[in-house]
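Read the structure below first, then the notes.
None of the figures in this text is laboratory data; all of them are computed from the coordinates on show. Everything numeric in this text was worked out from a predicted model, so none of it was measured. Here the Cβ is made from the backbone with ideal geometry for all residues, glycine too, and neighbour counts use every protein chain on show.
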Amino acid sequence: MIELLFDIGLYHYLILALILFSIGFFGAIVAKNMLKVLISVEFMLTAVNINFIAFAGFFDNIKLSGFVFSLFYLAVGAVEIAIALAIFYLMFRTKQSVNTEDYNCGKE
Amino acid sequence: MEGTFINNIYTVILFPLWVFLLIILGRLLNVIQSRRVISLLTLASTLYGVIFAVVTFLYMLKTPDYVYENSYAFLRIENYTLNFGVFVDNLSVIMLLVVTTISFLVQLYSTNYMYKDRSFPRFFAYLNLFNFSMIGLVLSPNLFQNYVFWELVGVSSYLLIGFWYKKPSAADAAKKAFLMNRIGDFGLLAGTIAISYFIYRYSDEASLATVPFSNIGNIGDYLYSYTNDAVFVIICVLLLFGSFAKSAQFPLHTWLADAMEGPTPVSALIHSATMVAAGVYLIARLYPLYSLSDGVMNFIAIIGLITALICAYFAITQNDLKRILAYSTNSQLGLMFLALGAGAYTGGLFHLVTHAYFKSMLFLCSGIVIHSLAHQQDIRFMGGLRKYLPLTAACYLIACISISGLLFSGFCSKEMILSGLLKNNHYIFAVGFLIVALMTAFYMFRSYFVVFEGDFKGSNVPLKSPFLLNLSISILAVFTVFLGIFQKGFEHFIKFGNDIAQSENLLNPVFISVSIAVLGIFLAFVIYCKKNKIIKPKILYQLSYNRFYIDNFYDFLSKKIYYTISNICAFIDKYLVDGLVILAGLNTRALSWVFSKMQTGNFQSYLAYAVIFLAISFAVLMFAYTMIMQYAFLSGVS
C-alpha cells in the first residue's frame, strides 16, 4: 500500500489528470461567474497537458515529441484563452453582467 | 288469352312496388293525401294480382305440368349468369292465389280498421311493400332471388311490427323479430352459397349454379354426389335454418308471439297466413333436395313436432287473445313442418292453404273484438260477446271447428296429414300429432268460450262492427267452409313423386282424430263454459304461462352473457388497443417534452450534454471493442 503511494508510476499521473479534468469540467458547467468558467477551462487544458507529459515520459524517451507537443499546446491554450477573454469582453459590453445565466442566447 | 296474362305476370310483382313508391313520394310531395285514394290504389294493385292468379291457376288446371319461366340476366360473370325474373309452376300459383286473396281481404279490412290512425298512408305503403316482396318471393325463379325477397319480406315485417314505434314494446318486438330472422337468414345465405359453390365447381352446367327452382331435382342429385353425407346434411340444415326462423320453429320461435304488438291486420296477413308460411314454402321448393337424406327429413319432422307440442302447450294458459292465436299459428306451422318432414307433402301444403284462410279469419275476428272493446286484449275482461257481435262469433266458431279438425277445411287438411303420417309408418309422429290436435281443440274452444259465451266482464258496452270488417271475415268464412271440397283436386295438382292416393282406409284415422277433437272441445266446455272447478297443477300452469322460460333464457343469454362478453371486449378495446395507440402518442410527446426542456439556451448545459454523450458513446465503443476482442480470442481468430 505504501509502495503504491510512494512508488510513482504512470497511473498516478493519469489519475491526477483525471481529477483535474473533472474539477475543471465540473467548474465549467456549474460556475455562476463567467471568469470562473474560463479558469475551469484552463484546468481542463492543464489536465490534458499532464496526460501528454506523462505518456511521453513513460513511453517516449528518445524523440521527446510529447514534451514538445505539450509546449505547443500551452501556447495554443494561452492563445485560446486570449480569444475567449476578448469574446467575453465584447459580450460583457452588451450584457453588463458576469453571471452565466444571462448568457443564454444559445436558444435564439 | 291466358297467354297474355301469364306473359305479363311480372307486373303482379311490380304493381305493388309502384303503388308503394307512389304513396311514399306522394306523401313527400303532398300530392296524394286522400286516404280513400290510397286505399283504392292498394286494393286495385292487389285485385290485379288476384285476377292474374285466378286466370293462371285456371290455365294450369287445364294444362297439367305446365311451367312458365321468364328471366333476365341480372349479373354475368364469365359463364355464370344470375337471373332475375318470374317462375310459375303449380306450387307458386297456389301460393300466389293464397297470398293475393288474403292480402286483398286484409287490405279491405284495414281500410276501415286503420282509418282513424294518423299514419294510415304509411301503413298502406308498408302493406304494398310487403305485397311486392311476398309475391316476388313466391314467383322467384332461383334461390338467389328468393333470398333477396326473403330479406325484403323480413324488412316489411319489421316495419309493420314496429308500426306503432312510439310504443316501446312494439319497437322491441320488431327488433326481436328482425334479429331472430337474421339468424335464420344467415343460414339460408350460407347454404345458398354452399350449393352454388359445389355446383359451379364440380358440375359442367354453370346455369345450375344459381340454383334455379325449375331444376331442383338435378341440383339435389348433383349435390348429393359431389359431397359426402356430413357436408350435405350441414348444407341442408343451414338452408333449413332460414325456414325455421321465418316460420318461427322451435329454437327461434319466440319472436312470433311478440310480433303481435303490430296492428291486428298485420298479424292476420303476415304473421299467420303468408310470411310465416314462406318457410314451409321454401321447404316444399327444396323438397327434392331434402328428401335425399332421411336424417334431414327426420330433423324437419322432429323440429316441427317439438314446436307444435310446446306452442300448443303455451297457448293453453295465455290470457292475451292475440297471443293465443299466435301460439296457435306457431303450433300449426309446426304441424306443417312435421307433415313435410314425415313425407306427407301434399297434406302439409294443403294445411298451409287452409290454415292461411282460417287463421287470418281468426285474427281478423280478434281484431274486431279488440276494436269493439277499445283495445282490450285480455280475455279475462271479455265474455258474452256473442250477443253484441253475432257474426264475429259465428265466424270465430267456424274457424275454431275448422282448426280443431272437426269439420270444414281444417278437417280435410288434418286428415291428409294424419293419413300421410300413417301411410309412411310414422306412428310416433302420428301420436304427437294427435296430442297436438287435442290441445288445439282445447285451447281454441277455451278462447271461444271465454270470449264469446258467459257474461260480459268489461266496463263499457262493446261497439258494433262496421260493414267492411264483417264483409272480409264473411268471405274468409266462406273460403274456410268450402276449401275442403278441393281436397281431391289439390292432391292431383300438388304432388311430389307418386305421393297420391293417400285417402284410402280413411275410416280409422278419421274416427280417432274426430273423437280426440271432440274430447278437447268437451274438456274446454266443461271447464270454461260450465265453470267447473278444476285443480290447476301449479307447476305445469306456470311452465306453460311462462313459456318454459325460453324467453327468460334468451334474455339471460343476451343481457347477461352477451353483455358481459361485449363489456369485456369493450374494456379490451378501450384500455388495451386504444391504450397502445395512446401510449405511442404519449411516448412521442414525453420525448419531445424532454428534448424541448433540454434546450435551455445556457451554454453550460450544452457543454454538459456534449460531455455526457461523448462519455456514453465512448463507453459503448469500449464495451463493443472488448466483446469483439473476446469473441475473436475465443474462436481463435486474431
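What to note about this one:
- Counts of other chain beta carbons within 10 angstrom of each beta carbon in peptide A:27-39 average 2.
- Rounded to the nearest 10 degrees, the angle from helix B:427-452 to the longest Cα principal axis of chain B is 70 degrees.
- Residues in region B:342-356 carry Karplus couplings, in order, of 8, x, 8, 4, 5, x, x, 6, 5, 5, 4, 5, 5, 4, 4 Hz; the curve used is 6.51 cos²θ - 1.76 cosθ + 1.60 with θ = phi - 60°, and Gly or Pro positions show x.
- Sorted peptide list for B:67-77, B:281-291, criterion being average Cβ within 10 angstrom, highest first: B:281-291, B:67-77
- For chain B, averaging the sequence separation of C-alpha pairs within contact (under 8 Å, six or more residues apart) and dividing by the residue count gives a relative contact order of 11 percent.
- Helix axis angle, B:216-226 relative to chain B longest principal axis, alpha carbon, degrees: 40 degrees
- Applying both filters, DSSP loop and at most 13 other Cβ atoms within 10 Å, to the trypsin sites (Lys or Arg not before Pro) of region B:118-222 gives B:ARG118, B:LYS166.
- Between 0 and 90°, nearest 10: helix B:321-341 axis offset from chain B longest Cα axis: 90 degrees
- Under-5 Å amide H pairs with B:ASN424, H placed in peptide plane, nonlocal only: none
- Taking every alpha-carbon pair under 8 Å whose residues sit at least 6 apart, region A:32-102 reaches a relative contact order of 45 percent.
- Arranged from fewest to most other beta-carbon atoms within 10 Å of their beta carbon, A:VAL79, B:VAL55, B:VAL266 become A:VAL79, B:VAL55, B:VAL266.
- Sequence-distant aspartates and glutamates (8 or more away, or on other chains) whose Cα lies within less than 18 Å of B:LYS414: B:GLU491, B:ASP499, B:GLU504
- Subset of B:LYS322/B:LYS423; B:LYS322/B:LYS560; B:LYS166/B:LYS246; B:LYS62/B:LYS359 violating a 28 Å alpha-carbon distance limit: B:LYS322/B:LYS423; B:LYS322/B:LYS560; B:LYS62/B:LYS359
- Listed by chain and number, the aspartates and glutamates whose alpha-carbon sits under 14 Å from that of B:LYS387, ignoring those within fewer than 8 places in the same chain, are B:GLU453, B:ASP455.
- Rounded to whole Hz, the Karplus (6.51, -1.76, 1.60) HN-Hα couplings of region B:246-263, x for glycine and proline: 5, 9, 6, 8, 2, x, 10, 7, 6, 6, 5, 5, 6, 5, 5, 5, x, x
- Neighbour counting of Cβ atoms within 10 Å sorts the residues B:TRP255, B:TRP164, fewest neighbours leading, into B:TRP164, B:TRP255.
- From least to most packed, judged by other beta carbons within 10 angstrom and beginning with the fewest, B:THR11, B:THR56 follow the order B:THR11, B:THR56.
- In order through region B:413-424: 3J(HN,Hα) via Karplus (6.51 cos²θ - 1.76 cosθ + 1.60), integer Hz, x for Gly, Pro: 5, 5, 4, 4, 5, 5, 5, x, 4, 5, 5, 8
- Of the trypsin sites (Lys or Arg not before Pro) found in region B:354-428, the ones in coil according to DSSP and having at most 13 other Cβ atoms within 10 Å of their Cβ are B:LYS387.
- Value of relative contact order over region B:346-545, rounded to a whole percent, pairs C-alpha under 8 Å and six or more apart: 34 percent
- Shielding score for B:594-604, defined as the mean number of other chain Cβ atoms within 10 Å: 4
- A straight Cα-to-Cα reach below 12 Å connects A:LYS32 with the aspartates and glutamates A:GLU101, A:ASP102, residues fewer than 8 places away in its own chain not being considered.
- Neighbour-limited loop hits for GluC sites (Glu not before Pro), region B:400-506 (at most 14 other Cβ within 10 Å; DSSP other than H, G, I, E, B): B:GLU504
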